[in-house]
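K.L.:
Next up is a structure, given as C-alpha cells.
FYI, it's all coordinate maths here, none of it is from the lab. Just so you know, these numbers come straight off a predicted model, no measurement behind them. As a convention, Cβ positions derive from the backbone with ideal geometry for all residues, glycine included, and neighbour counts pool all protein chains shown.
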Amino acid sequence: MAKQKFPSRIWLAEGVGMVKQESYNKKGDAMTSTLLTQFTN
C-alpha cells in the first residue's frame, strides 16, 4: 500500500467539534465529504 497525502478542510463548531470535512485530490477536486447531520447534547 502506497502512502498518499490528500489536502483537506475541516469545519469546527465550538462546543460540538468537527461538523464537516472535505478531502481533495491533487487537482483540487473534492473526493470525500463527511457531514454531521445530528447532534444531541
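K.L.:
Taking just the alpha-carbon atoms of the chain, what radius of gyration and Dmax come out, in angstrom?
P.N.:
My reading of the Cα-based Rg and Dmax gives 12.9, 40 Å.
K.L.:
What ranking do 6-13, 17-24 get when scored by the average of other Cβ atoms within 10 Å per residue, highest first? Mind showing how you got there, number by number?
P.N.:
On the way: 6-13: 11.5, 17-24: 13.5.
Highest mean packing first, the order is 17-24, 6-13.
K.L.:
Still on this structure: Quick one: Karplus J couplings for the stretch 21-31, per residue in order, coefficients 6.51, -1.76, 1.60, θ = phi - 60°, nearest Hz, x for Gly and Pro?
P.N.:
9, 10, 10, 10, 7, 4, 7, x, 7, 5, 10
K.L.:
Between Met31 and Ser8, how many nm apart are label points set 7 Å from Cα along the C-beta direction?
P.N.:
Here the answer is 1.1 nm between the modelled labels.
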